């Protein structure tokens, strides 16, 4: 492995490596963790880190630099050309374009699309949709994987592509209105894959504008598992979990080989890293329901279940008899309506435990429990752990990820 370079008249020096990623996103932070893990084992390296790199750079970026390697986001063919001309070993870690003629480690976007499709098919939906951005290779690959699996099962996919670059707020609003009209036009119930978590947030906003219940009328899944984005979405967003840590590790390993001249940059195959799996949250935690009354009941439960809604109020609001309501609900969902209300309450408890420092007494009140003791008993029975221990575990996990 590349450990040090001999320079005439000086001591051994660490290889000088520039790392240019966008640390503001969870993907970039994961890539940095993977690079760190590699260098902790096979380093040391001397780093220049640009934590705000978005794939485009000015003309002077590489001029007169005599470094040994670059791990970099690249969006521009001109930037890729300058990198190739510099003869500095470089590995691209963004993977948005496959025409840059640079060694690359990136997501398996086709595999991401396939995994999202399998997740939604398991929920017994029969209408499917995809939304993303036009002219983006990575979006096209995710769409390709999604459509291939859905069509293999005999269903079609309706697609809508909308710009993510808006010069004015009015331009964004117009685009969002178009997206809302498209979401309204889809046959229901539907399952939709968004190309990313950020775009999935736009989909959820469009559903709110169109008064479409998620996930009861439309299930939505994103990509990246950006925890802040997913947990702050309403409802919390299910997402395909990619593996940026492994991308960073494999990219550092490949760069080490290039700096050691153990590999030649031309003709190197792309290293595509498969997704880790699906993190299921509320936006897809649902089986497709064709019974309109049951779908309405579920929407009410998840909107009002922690505000004192009970079964008697529910079946009266739906305008059907108690016996018919119980029979249809059990047939469609496989559990009784009071169990679903409890489930909605406990989901609310989980959210408040993780996102707030409120007391258990206050959380019980906000989740619709008459007594904290009953909340504690129900939470332990259904989740296998007490609310206090659940909170401590979640906080410890968050601290570990932030290190």
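So residue 297 clears everything in (1) assigned by TED's automatic domain parsing to the domain that holds residue 340; (2) surrounded by fewer than 24 Cβ atoms within 10 Å (Cβ to Cβ) except one condition, right? Which one?
So residue 297 meets the others, but not (2).
What number of residues within the range 72-107 are in contact (Cβ under 8 Å) with a residue 12 or more places away in the chain and on the phi > 0 side of the Ramachandran plot? Before you say what the answer is, go through the steps one by one.
Going residue by residue through the range 72-107, those that are in contact (Cβ under 8 Å) with a residue 12 or more places away in the chain are 72-77, 79-80, 82-84, 86, 88-107.
Subsequent filtering for residues that are on the phi > 0 side of the Ramachandran plot retains 95, 101.
Adding up the residues that qualify gives 2.
Give just the number: which of (1) surrounded by fewer than 23 Cβ atoms within 10 Å (Cβ to Cβ); (2) farther than 19 Å from residue 299 by Cβ does residue 242 not satisfy?
The one condition residue 242 does not meet is (1).
If residue 70 satisfies every condition in (1) part of a loop (DSSP other than H, G, I, E, B); (2) in contact with a helix residue (DSSP H, G or I) (Cβ under 9 Å, 6 or more places away or on another chain); (3) over 27 Å from residue 283 (Cα atoms) but one, which is the exception?
Residue 70 satisfies every listed condition except (1).
Has the range 27-48 got any residue that is surrounded by fewer than 17 Cβ atoms within 10 Å (Cβ to Cβ), outside any helix (DSSP H, G or I) and modelled with pLDDT under 85?
No, that holds for no residue.
The values are calculated or read from the model by the stated rules, or taken from the named source; none is laboratory data. It should be emphasised that the depicted structure is a prediction, and the values quoted were computed from it without experimental measurement. In this analysis, Cβ positions are derived from the backbone assuming ideal geometry, glycine residues included, and neighbour counts consider all displayed protein chains.
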